[in-house]
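*Asks:* The following block contains the structure, expressed as structure tokens.
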Amino acid sequence: MSNLLPLVLSVDPQGEVLEAARACEADVFLETYGNTAEEWEQEYGAYESSSIFIALAEQGGDVLGAARLLLPSSAGFKSLDDTSRPPWNVDGYRAAEAAGVDLSRTFDFATIGVRRGLEGAARFASAAMFHAISKVALANDLPNAVMIMDEHARALVTAIGGTTHVLPGTHTAPYLGSPASTPLWSNVPQMLDNQRRLYPDAYRLITLGIGLDGISLPSEADYVLSRRFAEPVLESA
């Protein structure tokens, strides 16, 4: 894999970069959790119209890391829909509302995946994507996030100041190949303030983007999504 610089961080890419981001997501989740392409189509097919990707790519080459966010729409949020089914059987929408989450100003942090063995600037792939996710949330008035997160990944997020909260009535359980995942919610501005106060080095790198050398970051305008809120979000499952 080439380490030519700069790497390019893209928000809501289209065309070849979008397809490469989908391929990266598929490869990482197959390798990590055993999720096949057929299973992924079944899981995410209903949410394609509300999906946007964030991608870190080599210029003219592979996508090294990709994240999928689901915007508010009539399709609902996969994380809350899945919370309503086994192994939790908890109405995810009611649980989120009970926690004080305004679903009209919420995104679903659906997936994030980074290829293994990255070197050079690519080592900051996860940091770059978390930088973009926080910028997208703030630029589009989406302060709340819902997710079902693997506990190993959650521990890594917590270690860099990523504050998450368990959805009321839920617990840690096996999910889509992960031995231990938990339905969560987070308030992005509160999380960033906590990170600023308690994890200043992580705040500088991830939130401010200081130190993401060798990575071409989007302009401020690029974080504003032109296709946000195509349809109203569902209020309950």
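Any read-out appearing in this document is the output of simple, stated calculations on the displayed coordinates, not a laboratory observation. The model shown is predicted, which means the values in this text are computed figures rather than measured ones. Here Cβ is always computed from backbone atoms with ideal geometry, including for glycine, and neighbour counts include all displayed protein chains.
*Asks:* Could you tell me how many of the residues in region 1-26 are surrounded by 15 or more Cβ atoms within 10 Å (Cβ to Cβ) and among the acidic types (Asp, Glu)?
*Replies:* Total satisfying the criteria: 2.
*Asks:* Would you be able to say whether some residue in region 126-136 is touching a Leu at 6+ places or on another chain (Cβ under 8 Å), more than 17 Å from Ala96 (Cα to Cα), surrounded by fewer than 16 Cβ atoms within 10 Å (Cβ to Cβ) and not β-branched (Val, Ile, Thr)?
*Replies:* no
*Asks:* Select from region 20-59 the residues that are in contact with a Pro (Cβ under 7 Å, 6 or more places away or on another chain) and aliphatic (A, V, I, L, M) and write down the one among them that is nearest to Phe124 (Cα to Cα).
*Replies:* Ala55
Condition check ((1) in a loop (DSSP other than H, G, I, E, B); (2) over 30 Å from Thr36 (Cβ atoms)) across all residues:
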residue: Gly162; (1), (2): yes, no
residue: Pro168; (1), (2): yes, yes
residue: His171; (1), (2): yes, no
residue: Leu184; (1), (2): no, no
residue: Pro189; (1), (2): no, yes
residue: Asn194; (1), (2): no, yes
residue: Ala202; (1), (2): no, yes
residue: Asp213; (1), (2): yes, yes
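*Asks:* State yes or no: is Asp108 among the acidic types (Asp, Glu) and crowded, with 22+ Cβ neighbours inside 10 Å?
*Replies:* It is true that Asp108 is among the acidic types (Asp, Glu) and crowded, with 22+ Cβ neighbours inside 10 Å.
*Asks:* If you go through region 14-69 one residue at a time, how many are farther than 24 Å from Glu151 by Cβ, among the small types (Gly, Ala, Ser) and not in a loop (DSSP other than H, G, I, E, B)?
*Replies:* Qualifying residue count, region 14-69: 12.
*Asks:* Still on this structure: Of these, Gly45, Gly100, which one is within 18 Å of Asn187 (Cβ to Cβ), surrounded by fewer than 22 Cβ atoms within 10 Å (Cβ to Cβ) and either of a type in the set (S, T, N, Q) or out of contact with any strand residue (DSSP E or B) (no Cβ under 7 Å at 6 or more places or on another chain) (or both)?
*Replies:* Working: Gly45 fails: within 18 Å of Asn187 (Cβ to Cβ).
Just one listed residue meets the conditions, Gly100.
*Asks:* Is one or more of the residues making up region 101-109 among the polar types (S, T, N, Q) and under 22 Å from Gly45 (Cβ atoms)?
*Replies:* At the first step, the residues of region 101-109 found to be among the polar types (S, T, N, Q) are 104, 106.
Add one more test, that the residue is under 22 Å from Gly45 (Cβ atoms), and what stays is 106.
Yes: region 101-109 contains one or more residues that are among the polar types (S, T, N, Q) and under 22 Å from Gly45 (Cβ atoms).
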